[in-house]
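A.B. asks: Have a look at this one.
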Amino acid sequence: MGRLAQTDGLTEIQRDILATVRDFVDKEIIPVATELEHKDEYPTAIVEGMKQLGLFGLTIPEEFGGLGESLLTYALVVEEIARGWMSVSGIVNTHFIVAHMINAHGTQEQKEYFLPRMAAGEIRGAFSMSEPGLGSDVAAISTKGVRDGDEYVLNGQKMWLTNGGTSTLVAVLCKTDEGGSSPYKNMTTFLIEKTPGFGPNPAVPGLTVPGKIEKMGYKGVDTTELVLQDVRIPADRVLGGVPGKGFYQMMDGVEVGRVNVAARGCGVARRAFELGISYAQQRSTFGKKICEHQAIQFKLAEMATKVEAAHQMMVMAARKKDSGQRNDLEAGMAKYLASEYCKEVVEDSFRIHGGYGFSKEYEIERLYREAPMLLIGEGTAEIQKMIVGRRLLEEYRLAD
């Protein structure tokens, strides 16, 4: 392992976890990732291996059967996994967000019921906020939940669910009109248990997962829609037990998700750099290795600097959240920087590969199609800049 993307101040336990995950990635993910990705095949064996390592319970408290690790540990694990195959990191990301939301906002009964089985990987979570006409405007949500006695009746259509088919628990944001005039107090998160699979769900009448959305990259992991037609959910499956708090719960989940996406960008960029610097030492032109050409050395220097900068920004954002401080500024910066730098590093590695980068036989071809997803996942670059800009104006506001 080279000297890039090292993290100071880790405990021995954290270093052991990362070493174990790195070994797993090198032996179990990288050798099969490109083949599975080209087939758009769900990585069942890899997921089973992660369950055995306890990765689905990495941040779940020990009292609920998890490892009780920090967001920083999780982000560094995600960076290693994404270095092997970004789709695998997506499988654990939405699970992690839902587990975080339940642990931070759920009732004691919800924690005791869900978290032990989530830690074991028996229940796997999906996160459902977006809709076909929604985009970044969460206030325009139209999927609705109406109270009917001890139940809510849900109707609407959700979009872009990672793990939508394979998950068994979905945290779904709905409009409930129970919080007054503010649209942000009229949203509620519902915890819906379902069986895995596509089509009408046998465990939840009225709930349908139509099928996988075909994507340019980010294959293997299933991305789906979710259709709800008169779906009845018990009122005790409102996250936290009180309606009207869904927007704030989801934003908390997205905040930690942005650190995750930053970590994914770091992992993909690091792998692209590894591939580029390796190929540059193998390929010869004009009588010498291409790594001896000054133009290639400049490119490698720029790539390495971006890998290092993104990693350190991601680590800072994770540590800020772990300290209990507000981290939307740092998370927005980290997600923006890591995703943009990832795109640039991958493209530079692609250029170093020349014509071979366009061949499906070379791993960089897969990374070239995966990197664009990070530009839009957990909020576009424009959304990150808007968040960062607003927070900077709060921090540096002139006195009246």
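The values are calculated or read from the model by the stated rules, or taken from the named source; none is laboratory data. Fair warning: this is a prediction, and the values are worked out from it, not measured in the lab. Counting neighbours? That spans all protein chains shown, and the Cβs are built from the backbone with ideal geometry, glycine included. Just the protein is used for accessible areas: all its heavy atoms, side chains included, with ligands, DNA and RNA removed. Shrake-Rupley method; radii C 1.70, N 1.55, O 1.52, S 1.80 Å.
A.B. asks: For the chain, what % of the accessible area comes from carbon and sulfur atoms, probe 1.4 Å? Mind dumping the intermediate values first?
C.D. replies: Numbers: 9040 of 17260 Å².
Carbon-and-sulfur percentage of accessible area, whole number: 52.
A.B. asks: Now for a different question. Using unit Cβ charges (K, R positive; D, E negative) and no other charged atoms, how large, in debye to the nearest 20, is the dipole of region 67-131 about its Cα centre?
C.D. replies: Values: 4 positive and 7 negative charges, 15 e Å.
Its charge dipole is roughly 60 debye.
A.B. asks: Tell me, what is the per residue accessible area of the chain in Å², probe radius 1.4 Å? Could you put the intermediate results ahead of the total?
C.D. replies: Values: 17260 Å² over 400 residues.
On a per-residue basis, 43 Å².
A.B. asks: Give the residue from Gly211, Gly49, His311 lying farthest towards the positive end of the charge dipole for the chain; charges sit on Cβ (+1 for Lys and Arg, -1 for Asp and Glu) and the dipole is referred to the Cα centre.
C.D. replies: Result: His311, furthest along the dipole toward the positive end.
A.B. asks: Just how far, in whole angstrom, is region 1-36 from region 223-261 if you go by their alpha carbon centroids?
C.D. replies: 31
A.B. asks: At 222 nm, what helix-only mean residue ellipticity would the chain give, in deg cm²/dmol to the nearest 500, using -39500 (n - 2.57) for each DSSP H run of four or more? Present the calculation step by step, with values, prior to reporting the outcome.
C.D. replies: Values: 11 runs with 198 residues, N = 400.
One gets -17000 deg cm²/dmol as the mean residue ellipticity at 222 nm.
A.B. asks: Pop the C-beta distance of Glu382 and Ala104 into the FRET formula with R0 = 22 Å and round what comes out to the nearest 0.05. Show your work: numbers first, answer last.
C.D. replies: On the way: r = 28 Å, r/R0 = 1.25.
That gives a FRET efficiency of 0.20.
A.B. asks: Can I ask one more? For region 245-391, with the dipole built from +1 on Lys and Arg beta-carbon atoms and -1 on Asp and Glu ones, taken about the Cα centre, which of Val256, Val346, Leu275 lies farthest toward the positive end?
C.D. replies: After comparing all options, I get Val256.
A.B. asks: With +1 assigned to the C-beta of every Lys and Arg and -1 to the C-beta of every Asp and Glu, and no other charges, what is the dipole magnitude of region 192-306 about the Cα centre in debye, to the nearest 20?
C.D. replies: On the way: 16 positive and 11 negative charges, 118 e Å.
It works out to roughly 560 debye.
A.B. asks: Another question, if that's okay. Could you order the peptides 229-235, 286-292 from most to least packed, using the average number of other C-beta atoms within 10 Å per residue? If you can, show how the numbers build up before the last one.
C.D. replies: Numbers: 229-235: 16.0, 286-292: 12.3.
The peptides rank, most packed first, as 229-235, 286-292.
A.B. asks: Relative to the Cα centre, what is the charge dipole magnitude of the chain, using +1 at the beta carbon of each Lys and Arg, -1 at the beta carbon of each Asp and Glu, and rounding to the nearest 20 debye?
C.D. replies: The calculated dipole for the chain is roughly 760 debye.
A.B. asks: Return the lysines within reach of Lys219: Cα separation strictly under 16 angstrom, same-chain partners fewer than 8 residues apart disregarded; answer none if there are no such residues.
C.D. replies: Lys39, Lys360
A.B. asks: Once R0 is set to 60 Å, what does the formula 1/(1 + (r/R0)^6) return for the Cβ-Cβ distance between Arg3 and Val242, expressed as a FRET efficiency to the nearest 0.05? Working shown, then result.
C.D. replies: Numbers: r = 49 Å, r/R0 = 0.82.
Using R0 = 60 Å, I get an efficiency of 0.75.
A.B. asks: Something else about it: Treating each Cα of region 247-392 as an identical point scatterer and ignoring solvent, apply the Debye formula and state log10 I(q)/I(0) at q = 0.11, 0.13, 0.21, 0.22 Å⁻¹.
C.D. replies: -0.45, -0.59, -1.14, -1.22
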